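The structure appears right after this line, and notes come after that.
Values in this text are rule-based calculations from the coordinates and carry no lab data. The structure displayed is predicted, hence computed values, not measured ones. Cβ atoms come from the backbone with ideal geometry, glycine included; neighbour counts cover every protein chain shown.
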Amino acid sequence: MRILVAPDKFAGTLTAVEAADAIATGWGRHAPDDVLDLAPMADGGPGFVDVLQAALGGELLGVTVQAPHGDQVPATVLFVEDTAYVESAQACGLHLLAGGAELGSTFGVGQLLLAAVESGARRIVVGLGGSGTNDGGAGLLAALGATSDGILDSGAITLDTVSKVDLAPAVAVLEGVSLVAATDVDIPLTGLFGATKTFGPQKGIPEERLVEVDGWLETFAAAVDRRVALEKGAGAAGGLGFALLALGATREPGIGLVASAVDLAARARLADVVVTGEGAFDFSSRSGKVPYGVAEVAAEALRPCVALAGRVLVGAREMRALGIESAYSLVDLVGEERAFADPAGSLADLAERVARTWSR
């Protein structure tokens with residue numbers, strides 16, 4: 001049999017590349033004659049650049065940029081010919097959140113874009129996801145030269161000082177460069193389903209402050225372009241999508257972009273079974289996440305798709321709605337303590353057990 005292994009990262013424990021290797025190790029223990037085709041995936045969040053480099057090659061440019069709270073952190077820009085790939089989480093990821101999200105700036109993401117432009121990029125693809133910020137991309141705009149009557153580079157907390165924003169200097173910096181926002185979510189910037197309400201709590205914004213913080217983004221949106229704030233993906237990465245769209249970016253689902261880069265559809269047609277996975281498999285996986293995207297590709301190829309996850313938080317009906325035949329939980333098999341202490345070994349054990357069902 002031929003098995004296509006296309007997982008996302010297992011957040012906090014395994015990169016997508018490590019997860020694919022672990023699944024292959026375990027599967028091979030039970031079915032050593034199966035041919036395993038490894039295609040680590042990403043949706044625009046952490047791992048975006050690594051996965052694309054593994055698929056496309058290219059050259060990495062190392063840069064130092066500003067983290068959300070002012071520290072300096074290393075980051076990379078991947079160049080494939082005249083296209084630059086940027087992973088916003090490297091500059092403003094949740095793992096860099098040293099203080100409150102309300103104080104976190106996306107200035108470093110703008111520095112990544114500047115580095116790409118200065119190195120000759122004519123197209124910049126920005127992976128959005130896994131952010132620890134919620135500033136509507138104001139910091140990014142400031143790094144690119146946008147000006148305002150208020151403060152843009154100090155996080156969401158100062159956005160109520162902003163009533164006017166001049167994007168012209170930032171647009172001039174990007175002249176001749178096309179922007180693509182690779183998003184893992186399609187939410188608007190503000191409102192009940194916006195960036196603050198949807199993802200603010202996981203970034204540490206208290207429930208009682210969500211309305212106030214969302215109001216700051218409303219003020220900022222009115223100063224930039226309220227219509228853009230309503231577009232799909234504007235709320236991605238704490239509003240980085242909004243800033244990119246305001247600068248003329250087009251939007252592409254991150255999973256679709258990566259699937260195209262790794263030629264996932266053709267590889268699925270050659271497989272007998274498609275295996276995907278992520279840290280937590282729940283119904284939010286439908287919003288541009290890797291398992292749902294991989295399952296769609298598998299369905300088009302008329303191949304069954306199974307998922308391995310740290311936790312499985314949906315029932316059989318919801319699972320089928322996501323295009324997954326079966327989903328298997330790491331925690332249910334080995335327990336939470338071992339799953340976190342030895343994630344690669346635990347995932348290999350789970351894959352070995354799944355192979356008993358799905359390999360001939």
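For the reader, a short list of remarks on this structure follows.
- Near Gly104, once Lys and Arg are set to +1 and Asp and Glu to -1 for all other residues with Cβ below 12 Å from its Cβ, the sum equals -3.
- Of all the options Leu97, Leu140, Leu333, the one that moves most in a Gaussian network model of the chain with Cα springs shorter than 10 angstrom is Leu333.
- Average projection area in nm² (convex hull over Cα atoms of segment 48-255, one quarter of hull surface): 9.7 nm²
- Note on Trp358, Trp27: ascending count of other Cβ atoms within 10 Å places them as Trp358, Trp27, the fewest first.
- Gyration tensor verdict on segment 76-192 (Cα atoms; rounded if a/c is under 1.5, prolate if a/b is larger than b/c, oblate otherwise): oblate
- Restricting attention to the chain, close to 35% of DSSP beta bridges with both partner residues there are antiparallel.
- Among Leu192, Leu94, Leu244, the largest mean-square fluctuation in a Gaussian network model of the chain (Cα springs under 10 Å) belongs to Leu192.
- Full-extension gain in nm, Arg356 to Ala341, via 0.36 nm per residue minus C-alpha separation: 2.9 nm
- Other residues within the sphere of radius under 9 Å centred on the Cβ of Ala307, judged by their own Cβ, net out at -2 (K and R +1, D and E -1).
- Fully extended contour minus Cα-Cα distance, from Val211 to Asp263, at 0.36 nm per residue: 14.5 nm
- Residues Glu208, Glu218 arranged by fewest to most Cβ contacts within 10 Å: Glu208, Glu218
- Counted charge near Gly215, where neighbours are those whose Cβ lies closer than 11 Å (Asp, Glu -1; Lys, Arg +1): -3
- Two-site label geometry, Gln202 and Leu270: point separation in nm, points 7 Å out along Cα→Cβ: 3.4 nm
- Calculated [222 nm] ellipticity per residue, helices only, for the chain: -10500 deg cm²/dmol; basis is -39500 (n - 2.57) per DSSP H run with n ≥ 4, divided by all residues, nearest 500.
- Annotation: the antiparallel percentage among DSSP beta bridges lying fully within segment 1-99 is about 75.
- Subtracting the Cα-Cα distance of Asp160 and Leu302 from their residue separation scaled by 0.36 nm leaves 46.0 nm.
- Neighbour counts of C-beta atoms inside 10 Å place Val109, Val224, Val73, Val314 in the sequence Val73, Val314, Val224, Val109, starting with the fewest.
- For Rg and Dmax of the Cα atoms in Å, the value computed from the atomic coordinates appears in the list [x] 20.4, 67; [y] 25.4, 78; [z] 21.7, 66 under label [x].
- Simple spin-label estimate for Leu192 and Arg2 gives 4.8 nm between the two label positions (7 Å along the Cα-to-Cβ direction from each Cα).
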